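Okay, so here's the structure we're looking at.
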Amino acid sequence: MNTITNMIIPALALRGNAILPGMIAHLDVGRAKSISAVEKAMLLDQEIFMVAQQDPDIEDPDIHDLYRIGTLCHIRQIVKMPKNQIRIMVEGIVRARMEELTGRDDYLEAAVERLEDEEYPDALHQEALLQELKVSFSTYASLNEGIGPEVVDNLMIIEELDYLVEKLGAILPLEWEKRQQLLEALTLAEQAECLCLQLRNEASILSIRHEIGERLKDRLDQNQKDYVLREQLKLIREELGEEGEAEADKFEEAVDKLEASDEVKNRIREEIKRFRGISSQTPEYAVGRTYISTLLKMPWDKRSADNDDLSYARDVLDQDHYGLEKAKERILEFLAVRKLTGKSQASILCLVGPPGTGKTSIGKSIAKALGREYVRLSLGGVHDEAEVRGHRRTYVGAMPGRIATALKTAGVKNPVIVLDEIDKLSASYKGETASAMLEVLDAEQNNKFEDHYIEIPIDLSEVFFVTTANDPSAIPQPLYDRMDVIEISSYTENEKFHIAKEHLLPKQIESAGLTPKQLTVSDKALTSIIGDYTREAGVRSLERRIGSLCRKAARIILEEGKKKVSVTDKKLVDFLGQPVHTVNRVNETDEVGIVRGLAWTAMGGETLEVEVNLMPGEGEFILTGQLGDVMKESAQAGTSYIRSAAKELGIEDEAFRKQDIHIHIPEGAVPKDGPSAGVTMITAMVSAFTNRPVYANVAMTGEITLRGRVLPIGGLKEKLLAAKKAGITKVLVPEANKRDVKEISSEITDGLTILYMTHVSQVLKEALVKV
């Protein structure tokens, strides 16, 4: 290989490409330096040095990232493209070696030397290489359908080895790495041998591809043959009526073993008979098979044996839940009737109460006490009637409703099914879900429940339904009337203490991987957690706090190597941080215009202070504290009563015209509403007008009328709990709520003097300090 004097010309780095001498190529150029190099070459003699990058992913290569052997090319055409790109057509002229890459900022410039072939093999060697190249190319062309016979004929008549090498290198579709190998073969003999090797490799690859293609063709031909045979067999079976015989026979055997009435069995046999006539190649075949399988899995007459042992049931219920006496009594009554009559009557309970009071978990305890299967269905957000009744089989993807699916899951016809959050059912254009539940929860008609998918009446009369709800007002009245409603009220602090000690603490100790010997929590600490770290009607937040304490203890045992951790009320801050809640305790002094009211919230009872101020003005009436419309109307009714009874109360008429009244209930960020604060606001206003203090140890609740009558209210248990926690000793409640007080445990009422009121005058007599 002869070298010619160095020359400095623009250089272009190729990514994933290599140009051979004699080769014409079209290239898209996008890098700024590459475009500048092309433009510089066009200003000179249109010659440019093209060299491949060793790594195509490098954006800005230097001399170490490029191959040393490239090609000196002539730019024959340049076209501007969108997005600042150009397209060039180049022709490879001669091999060249890059000696140096000069440091220009705008484009690459290389010092290169041309490499000309000078050392030719002897004539005999050239002839041998020429013949080998022709044979190799002929073999390759015979396997490559992309090379036409004209190209082969034109190449076969070439008698110069160097010319044939140049032509083959230019037309062969070789990968750029292989072209670079050919480019770096500097002598003619090396180039010819490299081409022969690559042609043989490509021919071998093509040969293997042809073999694979032939095998695939044979396989496809066989598949086509199998398809034709299957179609013929299908026609024969249709003529003989034997389609689906094996599967149908299995279904028949299952029907014979099925625990169901003759009516159900006959209906399934009719479906099997129809199934026998369906071709297995049609969609109806899979639909029919799925439908019959579903019917066979339904527990038509299969039931589990009930446990009638009342003492066992009582032990199970007491073991799993503390309190909830009404719910437990109703379950025991059901068992007693079942034992005496020998019949399993439909029982539909609705447990209504605040979140976290154990409504859902009691359903599992019922199943355990009765020895029945347990299934829970969450109805929150269900808005499609088909979720309850199922989809008709005419629809694609039809399936049974949730009730039928629950029975299939249970495997018996008398499970305990918990319908959770029934107050959160919704309606849409697809139907009203609550209306679909009417038939399910009606003991008089659910023995023939119609599921659109099953299409055979399902007996739900032996199912023990337990529904749960937080807000009974959200349940439609027809549905509400069909259920035996049991109200589960807020837990008292004593009940929470027992639940925490007997249930929650052992459960969380086990969840944290500890043993009772490794962690002890004092009774005072549990009481402090209940009072200072939670504010709820149930015990969910309490369980989370206890879980956090147990995890902290587990970490201490592992990190500090302690064998035992004891938690007392004094150490509680180290485990749970500072107390989150504080109790609004009773005021120390009797004050004018400040009265303690009682309120019910979803998280339990609360005490609210009603404040009234009188200011010089023109009789304006101001209400603040984010009060709802009902509460505002109660305040206006109270004002009207005070004005109508001003003389009896010792208030001058001028007081209403010359003074503004401002009623405020603190905690303004919390919305408040309801009529039960009526007596509280009247008492505060009368106290302000007469300048008589209100006893600080008195709290009250009750709705008022324009004539001063005191009407009953709800949530009395929670309100009395809040009063007792705040240190109140005297509570004024409506006379009509006397029956509710009798049902409240003495644990709550002990220490409280409860007085019953029928008129506002009685309230004022008890609440205002006597002058």
(request) Keeping all protein chains in position, work out how much accessible area V38 exposes to a 1.4 Å probe, and write it in Å² to the nearest 10. (result) 0
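Add +1 for every Lys or Arg and -1 for every Asp or Glu among the other residues with Cβ under 12 Å from the Cβ of I486, and state the total. Walk me through the numbers before you get to the answer.
Numbers: positive: K326, K328, R330, K359; negative: E325, E329, E333, D484, E487.
That works out to -1.
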(request) Name the residue farthest towards the positive end of the dipole of the chain from the options I499, A684, T601, assuming +1 on Cβ of Lys and Arg, -1 on Cβ of Asp and Glu, about the Cα centre. (result) A684
(message) How far apart, in nanometres, would the label points at E145 and K730 be if each is projected 7 angstrom from Cα along the Cα-to-Cβ direction?
(response) 10.7
(message) Please report, in whole Å³, the volume per residue of the convex hull around the C-alpha atoms of segment 246-318.
(response) 114
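Taking Cα pairs under 8 Å and at least six residues apart, what relative contact order does the chain come out at, in percent?
Details: 1388 pairs, mean separation 55.9, N = 771.
Computed over the chain, the figure is 7 percent.
Kindly state, to the nearest 0.05, the FRET efficiency for Q224 paired with I24, given R0 = 51 Å and r defined as their beta-carbon distance.
Values: r = 45 Å, r/R0 = 0.89.
Step by step, r from the Cβ atoms, then E = 0.65.
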(message) Give the lysines reachable from K225 as a straight Cα distance under 24 Å; neighbours fewer than 8 places away on the same chain don't count.
(response) K217, K234
(request) Would you tally the net charge around A52, using a Cβ to Cβ cut-off of less than 15 Å, leaving A52 out, and scoring K and R as +1, D and E as -1? (result) 0
(request) Sum up the charges of everything whose Cβ sits under 15 Å from the Cβ of S761, counting Lys and Arg as +1 and Asp and Glu as -1, but leave S761 out. (result) +3
(message) Taking the 0 to 90 degree range and rounding to the nearest ten, how far is the long axis of helix 523-532 tilted relative to the main principal axis of the chain, both from C-alpha atoms?
(response) 80
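Do the alpha carbons of any pairs in K359/K496; K501/K552; K328/K730; K326/K496; K359/K501 sit beyond 27 Å of each other, and which pairs?
Numbers: K359/K496 15 Å; K501/K552 18 Å; K328/K730 33 Å; K326/K496 17 Å; K359/K501 20 Å.
With Cα atoms farther than 27 Å apart: K328/K730.
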(message) So if I restrict to the alpha-carbon atoms in the chain, what is the Rg, and what is Dmax, the biggest pairwise distance, in Å?
(response) 46.2, 141
(message) If I take R0 = 60 Å and measure r between the Cβ atoms of R209 and E271 in this structure, what FRET efficiency does the formula 1/(1 + (r/R0)^6) give, to the nearest 0.05?
(response) 0.70
(message) With a 1.4 Å probe and all protein chains kept in place, how much accessible area does L721 have, in Å² rounded to the nearest 10?
(response) 40
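On a full-extension model of 0.36 nm per residue, what is the gain between K647 and E560, subtracting their alpha-carbon distance, rounded to one decimal in nm? Walk me through the intermediate numbers first.
On the way: separation 87, 0.36 × 87 = 31.32 nm, distance 7.46 nm.
Net length gain for the segment: 23.9 nm.
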(request) For K524, go through the aspartates and glutamates and keep the ones whose alpha-carbon is under 18 Å away, minus same-chain ones fewer than eight residues off. (result) E493, E495, E502, D532, E543, D569, D574
(request) Taking amide H positions as placed in the peptide plane 1.01 Å from N, state which residues far from A52 in sequence (5 or more) or on other chains have amide H under 5 Å from it. (result) L14, Y67
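Pull up the DSSP beta bridges for the chain and report the antiparallel fraction as a percent, rounded to 5. Could the numbers behind the result be given before it?
Numbers: 59 of 100 bridges.
Rounded to the nearest five, the antiparallel share is 60 percent.
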(request) Would you please classify the overall shape of segment 731-771 from the alpha carbon gyration tensor, given that a ≥ b ≥ c denote the square roots of the eigenvalues, rounded means a/c under 1.5, and beyond that prolate means a/b larger than b/c while oblate covers the rest? (result) oblate
(request) May I ask you to evaluate 6.51 cos²θ - 1.76 cosθ + 1.60, the Karplus curve with θ = phi - 60°, for each residue of segment 349-363 and list the ³J(HN,Hα) values in order in whole Hz, giving x for glycine and proline? (result) 9, 10, 8, 10, x, x, x, x, 9, x, 5, 6, 5, 5, x
(message) If packing is taken as the average count of other Cβ atoms within 10 Å, what order do 367-374, 298-305 fall into, highest mean first?
(response) 367-374, 298-305
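For a quick protection proxy, order the peptides 449-458, 557-566 by their average other-Cβ count within 10 Å, most packed first. All intermediate terms of the calculation are to be shown ahead of the outcome.
Numbers: 449-458: 18.8, 557-566: 11.5.
Top to bottom by mean Cβ count within 10 Å: 449-458, 557-566.
Which FRET efficiency value, to the nearest 0.05, do you get for T624 and R535 by plugging their Cβ-Cβ distance into 1/(1 + (r/R0)^6) with R0 = 22 Å?
Values: r = 24 Å, r/R0 = 1.09.
My answer for the efficiency is 0.35.
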(request) Would you kindly find the accessible area of T492, with a 1.4 Å probe and non-protein molecules such as ligands, DNA and RNA excluded, rounding to the nearest 10 Å²? (result) 0
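The values are calculated or read from the model by the stated rules, or taken from the named source; none is laboratory data. These numbers were taken from a predicted model, which means no experiment stands behind them. Cβ atoms come from the backbone with ideal geometry, glycine included; neighbour counts cover every protein chain shown. Each accessible area value is taken on the protein alone, full model and side chains, heavy atoms only, with ligands, DNA and RNA left out. Shrake-Rupley method; radii C 1.70, N 1.55, O 1.52, S 1.80 Å.
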